[in-house]
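Undergrad: Encoded as structure tokens, here's the structure I'll be asking about.
The values are calculated or read from the model by the stated rules, or taken from the named source; none is laboratory data. Worth saying up front: this structure is predicted, and the values here are computed from it rather than measured. Neighbour counts run over all protein chains shown; Cβ positions are idealised from the backbone, glycine included. Areas reflect the complete protein model, heavy atoms only, side chains present, ligands, DNA and RNA absent. Shrake-Rupley method; radii C 1.70, N 1.55, O 1.52, S 1.80 Å.
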Amino acid sequence: MKILLALRQPLFPADTGGKVRSLNIFSRLVRRASIHAVSFADPLSDAASIQEMRRLFEGYTPVPWRETKKYSVQFYEELVTNQFSALPYFLAKCRRPHFRSTVEALLEREHFDVLFCDFLQTAVPLLHCTFEPKVVFEHNVEFQLRQRKWQVEKHPLRKVLFGTEWKRTRPLEARVCRSFDHVLTVSEEDQRTIQHEFGIDHVSTLPTGVDTDYFHPLASHSEPGRLAFVGSMDWDPNEDAVVWFLESIYPSIRQAVPNARLVVVGRNPSSRLLALARKSPSVEITGWVPDVRPHLSQAEVVVVPLRIGGGTRIKIPEAMAMAKAVVSTPIGAEGLPFQDRKQIRIAEHARDFADDVVELLRNARVRSEMENAARREVTKNHSWETVVDKVEDVLRRVTSHGKQARVEEMTRDAAVVTP
């Protein structure tokens, strides 16, 4: 099978949940299929990543583009200007003619069995591409993610922006899901949402995997009272989660466990978050780190206080694979098949969340039982090879159906011209 893979950006470094998921899937799929990848890339800042992509895939074509840095003056100017566009900002900035023309030129020049779009950002520019079959991998239900941002936002201007974003996203997401030959999601909840909202049934769910050879318990011991949050801090739901945790949950934990400390691990923390963290000497913001495992290993409890989200959080099974106790909100654990009070603690409200964290910090026996149960579950049922088996099965069904449809069309055409 020969796949043309459309990516929003190089998969290296794998410093976001989406890139981790995609890299784990496609780095295994290349052993089973021929893949030519296309993505936006900055020739200067992404030079090393471009070389990594060329080593991974049979073919790789970078499309030159320099993305505006988030929170910069230009970023806010583009955000304001985009209010007069029909597209939400996160899609408008990716809908560039040279991306579509590059993909179409490759499809014309070489034979491919399927066009695979990773994320909605690569599917929208290719809506009018006539190649078939096309598959889109929805890591999130994007309109729902932005709708949730809008629901919890209290700042008047940001609330208006988020409201505009989700209302513009929904019809575009519907067009993609209805016109593409197959849609992949990362949870059964997302699959049901897409089926219900867009009235389609050509949807499949991929389970969330974890590399248990890479994420495993380390020799170093956890530090008493240490909490950890891991995630890209330039992703709005992660920043909202940490801000809510620091303002509404962490003070209660510190009152009950005075030696409690929090480390926030992830790239590009905003000035807002840094300013908030400076108010408490027990909070550490690391920024980007080359390896999250030492920070996870040092923690007694990993917190996932997300109030906004879509898809599934890879950070949870990764922490579990390292035998760490995890406390999450329902949205943080959404789509994951872990049982509350067995492999994970799930708490929706600030008071309950704080109580669960405090109990796990104080009670080593309860914490150890949950750590062992979580590690057993992910080791047994969440390998990436299982996920790739499902991807391969979907692609084979989609391509065989497409071939059958083309044969039937040729047969009908031949019958029309036969005297």
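Undergrad: Quick check on this structure: which one of ARG341, ARG351 is open to solvent by 70 Å² or more (accessible area, probe 1.4 Å) and either within 24 Å of GLU189 (Cα to Cα) or modelled with pLDDT under 95 (or both)?
TA: Values: ARG351 fails: either within 24 Å of GLU189 (Cα to Cα) or modelled with pLDDT under 95 (or both).
Going through ARG341, ARG351 in turn, the sole match is ARG341.
Undergrad: A further question on this structure: If you check ASP213 against the conditions, is it assigned to a loop (DSSP other than H, G, I, E, B), crowded, with 16+ Cβ neighbours inside 10 Å and at pLDDT below 95? Before the answer, list the steps.
TA: Numbers: assigned to a loop (DSSP other than H, G, I, E, B): yes; crowded, with 16+ Cβ neighbours inside 10 Å: no; at pLDDT below 95: yes.
Taking the combined requirement at face value, the residue does not satisfy it.
Undergrad: Report yes if some residue within the range 357-378 is touching a Lys or Arg at 6+ places or on another chain (Cβ under 7 Å), charged (D, E, K, R) and closer than 20 Å to ALA241 by Cβ; otherwise report no.
TA: no
Undergrad: For GLU173, all conditions in the list (1) open to solvent by 40 Å² or more (accessible area, probe 1.4 Å); (2) under 21 Å from the mean Cα position of the chain (by Cα) hold save one; what is the number of the exception?
TA: (1)
Undergrad: In addition: For the range 233-246, how many residues are closer than 20 Å to SER328 by Cβ and surrounded by fewer than 21 Cβ atoms within 10 Å (Cβ to Cβ)?
TA: Restricting attention to the range 233-246, the residues satisfying the condition of being closer than 20 Å to SER328 by Cβ are 233, 235-246.
In the following step, the residues that additionally are surrounded by fewer than 21 Cβ atoms within 10 Å (Cβ to Cβ) were identified as 235-236, 240, 243-244, 246.
Total meeting the criteria: 6.
Undergrad: Might you let me know whether the range 12-21 holds any residue that is more than 23 Å from ARG175 (Cβ to Cβ), aromatic (Phe, Trp, Tyr), more than 22 Å from the chain's Cα centre (by Cα) and open to solvent by 30 Å² or more (accessible area, probe 1.4 Å)?
TA: First, the residues of the range 12-21 that are more than 23 Å from ARG175 (Cβ to Cβ): 12-17, 19-21.
So of that shortlist, the ones also aromatic (Phe, Trp, Tyr) come out as 12.
If we keep only those that are more than 22 Å from the chain's Cα centre (by Cα) as well, we get none.
No, the range 12-21 has no match at all.
Undergrad: Filter the range 22-50 down to the residues that are among the small types (Gly, Ala, Ser) and part of a loop (DSSP other than H, G, I, E, B), then identify the one that is surrounded by the fewest Cβ atoms within 10 Å (Cβ to Cβ). Don't jump to the end; show me each part of the working.
TA: Taking the range 22-50 first, the residues among the small types (Gly, Ala, Ser) are 22, 27, 33-34, 37, 39, 41, 45, 47-49.
From the residues that got through so far, the ones that are part of a loop (DSSP other than H, G, I, E, B) too are 33, 45.
Details: ALA33: 20, SER45: 10.
Selected residue: SER45.
Undergrad: Now a separate question. It is to be established whether one or more residues within the range 183-196 are open to solvent by 40 Å² or more (accessible area, probe 1.4 Å), under 23 Å from PHE131 (Cβ atoms) and without any contact (Cβ under 8 Å) to a residue 12 or more places away in the chain.
TA: No.
Undergrad: Additional query: Considering only the range 84-111, state which residues are touching a His at 6+ places or on another chain (Cβ under 8 Å) and either at pLDDT below 95 or open to solvent by less than 40 Å² (accessible area, probe 1.4 Å) (or both).
TA: Once the filter is applied, which keeps residues that are touching a His at 6+ places or on another chain (Cβ under 8 Å) and either at pLDDT below 95 or open to solvent by less than 40 Å² (accessible area, probe 1.4 Å) (or both), the range 84-111 yields only LEU106.
Undergrad: For the range 131-166, name all the residues that are over 21 Å from the mean Cα position of the chain (by Cα) and outside any loop (DSSP other than H, G, I, E, B).
TA: PRO156, LEU157, ARG158, LYS159, VAL160, LEU161, GLY163, THR164
Undergrad: Between GLN298, GLN255, which is open to solvent by 30 Å² or more (accessible area, probe 1.4 Å) and without any contact (Cβ under 8 Å) to a residue 24 or more places away in the chain?
TA: On the way: GLN298 fails: without any contact (Cβ under 8 Å) to a residue 24 or more places away in the chain.
GLN255 is the lone residue from the list that is open to solvent by 30 Å² or more (accessible area, probe 1.4 Å) and without any contact (Cβ under 8 Å) to a residue 24 or more places away in the chain.
Undergrad: Has the range 55-65 got at least one residue that is in a helix (DSSP H, G or I) and open to solvent by 30 Å² or more (accessible area, probe 1.4 Å)? Walk me through how you get there before you give the answer.
TA: Here is the first cut: in the range 55-65, the residues in a helix (DSSP H, G or I) are 55-56.
Okay, now just the ones that are also open to solvent by 30 Å² or more (accessible area, probe 1.4 Å), so 55-56.
Yes.
Undergrad: Condition check: under 24 Å from PRO171 (Cα atoms), out of contact with any Asp or Glu (no Cβ under 6 Å at 6 or more places or on another chain) and among the aliphatic types (A, V, I, L, M). Does VAL80 satisfy that? Reasoning before the result, please.
TA: Numbers: under 24 Å from PRO171 (Cα atoms): yes; out of contact with any Asp or Glu (no Cβ under 6 Å at 6 or more places or on another chain): yes; among the aliphatic types (A, V, I, L, M): yes.
Yes; evaluated as a whole, the condition is true for this residue.
Undergrad: Starting from the range 126-150, take each residue that is under 16 Å from PHE112 (Cβ atoms) and list its partners that are part of a helix (DSSP H, G or I) and among the acidic types (Asp, Glu), counting only C-beta distances under 9 angstrom and pairs at least six apart or across chains.
TA: LEU126/GLU104; CYS129/GLU104; THR130/GLU104; PHE131/GLU104
Undergrad: Does the range 113-126 contain any residue that is surrounded by 17 or more Cβ atoms within 10 Å (Cβ to Cβ) and assigned to a loop (DSSP other than H, G, I, E, B)?
TA: First, pick out the residues of the range 113-126 that are surrounded by 17 or more Cβ atoms within 10 Å (Cβ to Cβ): 113-126.
In the following step, the residues that additionally are assigned to a loop (DSSP other than H, G, I, E, B) were identified as 113, 119.
For the range 113-126, residues surrounded by 17 or more Cβ atoms within 10 Å (Cβ to Cβ) and assigned to a loop (DSSP other than H, G, I, E, B): present.
Undergrad: Report yes if GLY287 is at positive phi and either open to solvent by less than 30 Å² (accessible area, probe 1.4 Å) or hydroxyl-bearing (Ser, Thr, Tyr) (or both), otherwise no.
TA: yes
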